[in-house]
Amino acid sequence: MNPMTSTTSATPSFVAAAATTVAAPPGRRERGPRRSPFSYLRRSISPLVILVVWQALSSAGILDPRTLESPLHILQSAIDLAQDGTLGEATLVSLRRVALGFLVGGTIGMTLAVVAGLWRIGEDAIDPPLQMLRTLPHFGLIPLFILWFGIGEQPKITLIAMGVAFPLYLNTFAGIRSIDRRMIEAARSMNLTWAQRLRHVVIPGALPQTLTGLRQSLGIAWLSLIVAETISASSGLGYMINNAREFLQTDVIVVGLAVYSLLGLATDGIVRFLEGRALAWRS
């Protein structure tokens, strides 16, 4: 039976208990221990040690520059690429592709998850084909996308959108279906309309898993972009890396990969910040 259309009535005592649970005093929330500045310092020690050892091996001639340049040389290359505008232009192009792919894939994934999560007929119609499609290696669909869309921006954005849609769909769908049925019954007993139940019960109940899916989708979006920008690209970070590979410029390759990594960490940090604000009601 669909929880959104259940006609089961709740006892008055249970409604009071549910209301108490929903409207718990904010002062009773338990917050996890905050990290001290010393903990962040400890976490930065191992990356610094790796960089120092890397630089020492390069300076001693143990690491061949044709295989891997030194950190200082890579840093100088990053500064040069930023000064002549190459790095900034490539980063903006890649950001635009990820944004468009995420917008398309996120909209599709969320819409399908809501339809499948709220209605059984929607689940029967949507879930089976999506479960089949998500098992396909979407990187293996690149030749087909090129045949369908050419070698422009469409296959790249489609590839990113596919990578985004499935994690968001799966997590949102699971979040909707995991909502406690008693909360729906309590909302019905309070005579809340369908729209009010959706706003005050379904969305808050599914939000934690939706945000988890959002973080996973962003990570896959950047992984998809790396592959997408190797498809006959004429701009972007992937194009910059491919050109550097042709001329054995390992420093430029590492700069491009580092920017990919930093962009991924930045977007994940934004979602984690929004998660902390949106889920402040949780202990």
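The values are calculated or read from the model by the stated rules, or taken from the named source; none is laboratory data. Only a predicted model underlies this, so the values are computations on that prediction, with no experimental measurement involved. Note that we place each Cβ from the backbone using ideal geometry, even for glycine, and neighbour counts take in every protein chain shown.
Does the range 160-178 contain any residue that is of a type outside the set (Ser, Thr, Tyr), part of a loop (DSSP other than H, G, I, E, B) and out of contact with any Ser or Thr (no Cβ under 8 Å at 6 or more places or on another chain)? It would help to see each step written out before you state the result.
At the first step, the residues of the range 160-178 found to be of a type outside the set (Ser, Thr, Tyr) are 160-168, 170-171, 173-177.
Checking the rest, the ones that are also part of a loop (DSSP other than H, G, I, E, B) come to none.
So far as the range 160-178 goes, no, none of its residues is of a type outside the set (Ser, Thr, Tyr), part of a loop (DSSP other than H, G, I, E, B) and out of contact with any Ser or Thr (no Cβ under 8 Å at 6 or more places or on another chain).
Taking the conditions exactly as written (surrounded by fewer than 16 Cβ atoms within 10 Å (Cβ to Cβ), of a type in the set (Lys, Arg), part of a helix (DSSP H, G or I) and at pLDDT 75 or above), does ARG199 satisfy them or not?
Values: surrounded by fewer than 16 Cβ atoms within 10 Å (Cβ to Cβ): yes; of a type in the set (Lys, Arg): yes; part of a helix (DSSP H, G or I): yes; at pLDDT 75 or above: yes.
Yes; evaluated as a whole, the condition is true for this residue.
How many residues are more than 21 Å from the chain's Cα centre (by Cα) and of a type in the set (D, E, K, R) if we restrict to the range 247-283? Break it down stepwise before answering.
Of the range 247-283, the ones more than 21 Å from the chain's Cα centre (by Cα) are 247-255, 281-283.
If we keep only those that are of a type in the set (D, E, K, R) as well, we get 251, 282.
Here the count works out to 2.
Please state which of the following conditions PHE273 fails to meet, knowing it meets all the rest: (1) farther than 26 Å from PRO155 by Cβ; (2) outside any helix (DSSP H, G or I).
The number of the failed condition is (2).
Being under 29 Å from ARG134 (Cβ atoms) and of a type in the set (Ser, Thr, Tyr) narrows it down to one residue among THR250, THR267; which is it? Break it down into steps so the answer makes sense when it comes.
Numbers: THR250 fails: under 29 Å from ARG134 (Cβ atoms).
None of the others qualify; the one that does is THR267.
Yes or no, residue by residue, for (1) of a type in the set (D, E, K, R); (2) buried (at least 21 other Cβ atoms within 10 Å of the Cβ); (3) farther than 19 Å from THR267 by Cβ:
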| site | (1), (2), (3) |
| --- | --- |
| ALA113 | no, yes, yes |
| PHE139 | no, no, yes |
| PHE145 | no, no, yes |
| ILE160 | no, yes, no |
| PHE173 | no, yes, yes |
| ARG177 | yes, no, yes |
| ASP180 | yes, no, yes |
| MET183 | no, no, yes |
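Here is a check on your reading of the model: is ARG34 in a loop (DSSP other than H, G, I, E, B), within 30 Å of GLY236 (Cβ to Cβ), basic (Lys, Arg) and at pLDDT below 90?
It is false that ARG34 is in a loop (DSSP other than H, G, I, E, B), within 30 Å of GLY236 (Cβ to Cβ), basic (Lys, Arg) and at pLDDT below 90.
Here is a check on your reading of the model: is ALA258 in a helix (DSSP H, G or I), surrounded by fewer than 18 Cβ atoms within 10 Å (Cβ to Cβ) and out of contact with any strand residue (DSSP E or B) (no Cβ under 9 Å at 6 or more places or on another chain)?
yes
Name every residue in the range 135-191 that is of a type in the set (A, V, I, L, M) and touching a His at 6+ places or on another chain (Cβ under 8 Å), in order of residue number. Write out each step before concluding.
Looking only at the range 135-191, we keep the residues that are of a type in the set (A, V, I, L, M), and these are 136, 141-142, 144, 146-147, 151, 157, 159-162, 164-165, 168, 170, 174, 176, 179, 183-184, 186-187, 190.
If the condition is that a residue be of a type in the set (A, V, I, L, M) and touching a His at 6+ places or on another chain (Cβ under 8 Å), then LEU159, MET162, ALA187 are the ones that fit.
Please state which one of SER224, SER217 is in contact (Cβ under 8 Å) with a residue 40 or more places away in the chain, closer than 30 Å to SER77 by Cβ and touching a helix residue (DSSP H, G or I) at 6+ places or on another chain (Cβ under 9 Å). Show your work before the answer.
Working: SER217 fails: closer than 30 Å to SER77 by Cβ.
Result: SER224 is the single residue among SER224, SER217 that is in contact (Cβ under 8 Å) with a residue 40 or more places away in the chain, closer than 30 Å to SER77 by Cβ and touching a helix residue (DSSP H, G or I) at 6+ places or on another chain (Cβ under 9 Å).
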